[in-house]
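Peer 1: First the structure, then my questions, so here it is.
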Amino acid sequence: MSHEAQAAPPAGHGGGGFEKSDLSVKAIAIFGIVLTAVVIAALVSMMWLFDFFDFTQARRDLPPSPLTSTRSGPQGPRLQVNPIQDLKVFRAAEEKALTSYGWVNKEAGIARIPIERAMELVVERGLSAHSEAPARDKTQGGPR
């Protein structure tokens, strides 16, 4: 084994220790230059496109006529600060209106009375005649 046979280099290689045909510096340089040119062209065309969009949008956004009235919205948020307390106040006012005497329309002589008193009066006096449903006359052609 003192004389080991050296393998012959593959065909197409000139006997050096590397492959000379895999990389071409000229092809890589051309590819890099073309890639750079394409990226720059894309950037320039995008800048032009966005400038065009800005220009067309500015033409569409005409200022409002000074003859139109400008109304402003409500100032500040219109929220309940304390909804639980607001509900308690509302219910107390409703309860007071249902359980006390008071004028609804003093000029017309219309007053309100508590519910309990109104129920007592209905039990004592009964319902008035105008609250009863009118009887149907058969000559009027009502449902049979």
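The values are calculated or read from the model by the stated rules, or taken from the named source; none is laboratory data. Source: prediction; values computed, not measured. Backbone-built Cβ (ideal geometry, glycine too); neighbour counts: all protein chains shown.
Peer 1: Would you mind stating whether Glu107 is in a loop (DSSP other than H, G, I, E, B) and of a type outside the set (Gly, Ala, Ser)?
Peer 2: Numbers: in a loop (DSSP other than H, G, I, E, B): yes; of a type outside the set (Gly, Ala, Ser): yes.
Against the criterion (in a loop (DSSP other than H, G, I, E, B) and of a type outside the set (Gly, Ala, Ser)), Glu107 qualifies.
Peer 1: Right, next: Suppose we filter Glu107, Glu95 for residues that are surrounded by fewer than 10 Cβ atoms within 10 Å (Cβ to Cβ), of a type in the set (Asp, Glu) and at pLDDT 85 or above; which single one remains?
Peer 2: After ruling out the rest, the residue left standing is Glu107.
Peer 1: Do we find a residue being β-branched (Val, Ile, Thr) and in a strand (DSSP E or B) anywhere in segment 87-99?
Peer 2: no
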